[in-house]
Amino acid sequence: MSPFLSALAPVFGEVRSDVMGAGVFRAPRSGRMHRGVDLEVKPGATVRAPADGVVVRLGVCYRNEPCFNLVEIECGPVVHRVLYVEPSVSVGDEVRMGDTVGMAQDVRTRHGAAMDPHIHWECRLTDVVLDTGERNHHQVWINPLTLKI
């Protein structure tokens, strides 16, 4: 198996399913599909790097709410994005699978007590070679739980 398609979940939680919705890959979300999985976690818990790679972006989850953060790690053609994490890494840092990248934030402060605390983990393939031999420069979202270590 390619090392690019190897991953370890950033936290040990189950996939979120609460009165606010399901956290499974491709769950419906207001006219679009959920591009990742939501894994339950206690706020303040350690969040780990899902793969070996380089931190390429630290950002905010919601444009007008800078209190919720994300970390992106590039691993060859795969980009792992973990949301609702207070980062402890910097852009350019090299990380190994399982290294701490931050602490889980409490999404209930935005979504209310009905939503279980969780992190959101998504993966996308970039610059994919198609069967025709051409490169697809569009993003292809994959279920991160299908990646094996």
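The values are calculated or read from the model by the stated rules, or taken from the named source; none is laboratory data. Owing to the predicted nature of the structure, the values given are computational and were not obtained by experimental measurement. Glycine also receives a Cβ, built like all others from the backbone with ideal geometry; neighbour counts cover every protein chain displayed.
Could you run through segment 48-60 and say how many residues are in contact with a Phe, Trp or Tyr (Cβ under 8 Å, 6 or more places away or on another chain) and free of Cβ contacts under 8 Å to residues at least 40 places away in the same chain?
Adding up the residues that qualify gives 1.
Quick one: VAL55 ticks every box in (1) outside any strand (DSSP E or B); (2) on the phi < 0 side of the Ramachandran plot except a single one, so which number is it?
(1)
Among the numbered conditions (1) free of Cβ contacts under 8 Å to residues at least 12 places away in the same chain; (2) assigned to a loop (DSSP other than H, G, I, E, B), tell me where ARG26 comes up short.
Every condition holds for ARG26 apart from (1).
So, in segment 29-47, how many residues would count as being touching a residue at least 24 places away in the same chain (Cβ under 8 Å) and within 15 Å of LEU145 (Cα to Cα)?
6
For residues that are modelled with pLDDT of 95 or more, in contact with a helix residue (DSSP H, G or I) (Cβ under 9 Å, 6 or more places away or on another chain) and among the charged types (D, E, K, R), tally how many sit in segment 45-78.
1
Test LEU70 against the criterion of being in a strand (DSSP E or B) and of a type outside the set (D, E, K, R), and give yes or no.
Spelling it out, LEU70 is indeed in a strand (DSSP E or B) and of a type outside the set (D, E, K, R).
Is there a residue in segment 113-135 that is at pLDDT below 95, over 17 Å from LEU39 (Cβ atoms) and of a type in the set (S, T, N, Q)?
Looking through segment 113-135, at least one residue is at pLDDT below 95, over 17 Å from LEU39 (Cβ atoms) and of a type in the set (S, T, N, Q).
In segment 23-44, which residue that is loosely packed, with under 15 Cβ neighbours inside 10 Å and within 22 Å of ASP106 (Cβ to Cβ) is modelled with the lowest pLDDT?
ARG29
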